[in-house]
1. For segment B:93-212, what does the relative contact order come out to in percent, with C-alpha contacts under 8 Å and a separation of six or more?
2. Averaged across B:60-72, how many Cβ atoms of other chains sit within 10 Å of each residue's Cβ atom?
3. Which whole-Hz ³J(HN,Hα) couplings does segment A:96-112 yield from phi under the Karplus relation 6.51 cos²θ - 1.76 cosθ + 1.60, θ = phi - 60°, glycine and proline marked x?
4. What lysines sit close enough to B:LYS27 to cross-link, taking a C-alpha to C-alpha distance under 29 Å and skipping anything fewer than 8 places away on the same chain?
5. How big is Rg to Rh over segment B:93-212, alpha-carbon atoms, Rh as the Kirkwood inverse-mean-distance radius?
6. Using a cut-off of 19 Å between alpha-carbon atoms, which lysines can reach A:LYS160, once sequence neighbours fewer than 8 places away in the same chain are excluded?
7. Stokes-Einstein diffusion coefficient for segment B:2-84 at 4 °C in a medium of 1.567 mPa s, Rh from the Kirkwood formula over Cα pairs: what value in µm²/s?
8. Given the options A:GLY429, B:VAL163, A:VAL363, identify the residue whose Cα lies farthest towards the positive end of the charge dipole of the protein assembly as shown (+1 on Cβ of Lys, Arg; -1 on Cβ of Asp, Glu).
Amino acid sequence: MQPRLSLLTQDLIERIVDEAYQLLLKPGIKVQNDEARKLLADAGAQVDEETLVAKIPAQIVKAALNTVPRTFKLYDYDGNPTVEYGGDAVQFDPGSSGISVLDPDTLEQKTAETADLIRLLKVAEQIPQYAAQSTAVVCHDVPKEIHDLYRLYLVLLHSKKPIVTGAFSNRTVQFMIDMLAIMSGGLDNLREKPRAVFDVCPSPPLIWSNFGSGNLMVLARMGVPAEIVSMPLAGAAAPVTLLGAVTQHAAECLAGITIHQLAKAGSPIVWGGAPAIFDMRKGGTPMGAVETAMIDSSYAQVGKYLGVPTHAYMGATDSKRLDMQAGIESGVTAMIGALSGINMISGSGMLDFLLCHSAEKLVIDAEGVAMAQRMLEGMKIHTETLATGFYEGVNFKGGDFLKQKITMQLFQKEQHMPTEIIDRDSIRGWKAGGSLDTFDRAKIRVKQLLASYKRPELDPVQESQLHAFVLDLSKKAGVETLPVIDGFEFA
Amino acid sequence: MSEELYKEMAQSIIDGDSDISAELARKAVELKIHPLEAITNGFVVGVTYIGDQFGKGDAFLPELVMAGEAMKAAIAVLEPELLKLGESREMLGRVVLATVEGDIHEIGKTLVGTMLSASGFEVIDLGVDQPADKIIGKALEVNANLIGMSALLTTTMVRQREVIEELDKEGLRPRIKVMVGGAPITKDWVDKIKADGYSEDAIGAVKVAKELVGKA
């Protein structure tokens, strides 16, 4: 039985939903996109064109909730459904949109470029704990106009996994859908077997920006899954109470879902977020705080209650190094996310308030994720008797159970076998191995993964089309060439 | 024909399947394959393979132990046949194993015994809580060329030194070599008590034992 963490009672969930509905009416939602406001007004919302505030009555929202798919899948390049949104499925992917990477040798944060994203992709591609890739960092060696889609371009060329991505403007979201369609062999194929989900962010408190609501409508109409990333900041851009933040999160998501479903009913959308408490000493947004994880866990419970697939940003740290703080925060929040049954948990690999990415952290986090995944499998009943059947031939000697066939058959089902990231050696073996700490071991593992990486075999025609498409956009942005990618030659 | 059978034999050890390894041993007897050839060309190949896999981290203790058990089952069938032929297996050496006095931990020591015997040593395992005179007495009685001693506790590892000192007093070394093992054992300790060898794990112990008897 999958163990489950529940921070909210049924009664409390209902109060949260009830107050969220109240927020949709008072103060209402500020919707900065003309078309979205029109959709809401046509559906019966009271819209003030001066303040841009829409007061959205419950019945419109409930109608939208009725048409939201309770489950959907993401597919890999080969068309296999490898990610499941909905129910209590739990999956992990690396965090998205970092702006720097942690240089493993200098320990400095370095502005991310093409080679850095490729390095992350190669590592994540080979780690089974990550069900999906993400457009992990922004590459600063290409024009700003193509920052968002260029990340997706690199992912598409280096990975077969499903992708968690997102656009940075209303103009580019369509380009990114076009790129996915190229690699899926057409828009119909993409719609039928979506390869990617797009993060779309409301702006706290209670604002759907022109860009956010614009993206929601495009994605809905194209039939490509959207993932709302609502980020109430408890104490600054949201009520200071955790329950208040969860309620604001619900209101922002409900408004987003309404706009989305009004654009195209039945399109897939996710109840997700990246909330945080507001740190009252430094003014930061601690992703590793337990209260942040509590907001995540709780809003996911609300999402489940409403029957919408869920997402959260967990498994990251605010530390600047891969130290104990990084381990505690990443591991604890990943475990809380898993126990909350959140469908997609993004954040692995990230440090420093989601600003910085690290391939070395990805391989370490994978072990925390593996622990969480083992935890989710729960206590398993493998045998008819729990213990009594094991004692035949056991002669009050330690080690007797090692000789049982059933031990060999079951030990790997009961025990997760960690990689060498986790040290379980004796002090002598550890010293003989060079007295390496976690970070040292992670550096070695990353090197191994980079050496063993093989670029997936993709259709060369699709690859050239994709390349031409992105090169054209780069030229329009005033830059004639794209950075050279090792091992690639495009006709 | 026998090539196929040898492969199956090796595989039965790798699979840790005592029923099949014993059955293949009987089949070898029926086919009049020389028991020593069955052991060397068949079963031992499996033990070596699983030992290598373990060393690389690709096999785990249950596989190792089951391989040892499967080896034991095959030998149990082949050894009497060998005696019937008036021959015996040339063993790599004769080892007396024990956990030292005051210490009752034996999982590691038993593993070492399993792997030593699977690798061609004759192993006499005295069990746990064995005082120095018992260990030495047995070694003399069976004319052992190796003593292996285990200790899990820092409080009992000192007993390893007692055995070595006693052996030296009686002038029994270097005729009898001593290897030690156990969680608290360090290289420093081994040097300090002048033991002949030690190892981190059961596979390493086989290597050390082979070196000590000059059969590496």
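Bear in mind that the values in this text are calculations on the coordinates, not laboratory data. Computed from a predicted model, the values in this text were never measured in an experiment. Every residue, glycine among them, receives a Cβ derived from its backbone with ideal geometry; neighbour counts consider all protein chains shown.
1. Details: 223 pairs, mean separation 34.3, N = 120.
Relative contact order, segment B:93-212: 29 percent.
2. On the way: counts 6, 5, 12, 3, 2, 8, 7, 1, 2, 4, 0, 0, 1.
Per residue, the number of nearby Cβ atoms from other chains is 4 on average.
3. Values, residue by residue: 10, 6, x, 10, 9, 10, 7, 5, x, 8, 8, 6, 8, 8, 10, 4, 6 Hz.
4. A:LYS403, A:LYS405, B:LYS7, B:LYS72, B:LYS84
5. Numbers: Rg = 12.3 Å, Rh = 13.6 Å.
Taking Rg over the Kirkwood Rh, I get 0.91.
6. Within the straight-line cut-off, A:LYS160 pairs with A:LYS73, A:LYS122, A:LYS193, A:LYS454.
7. Working: Rh = 12.2 Å.
Here the translational diffusion coefficient equals 106 µm²/s.
8. It is A:VAL363.
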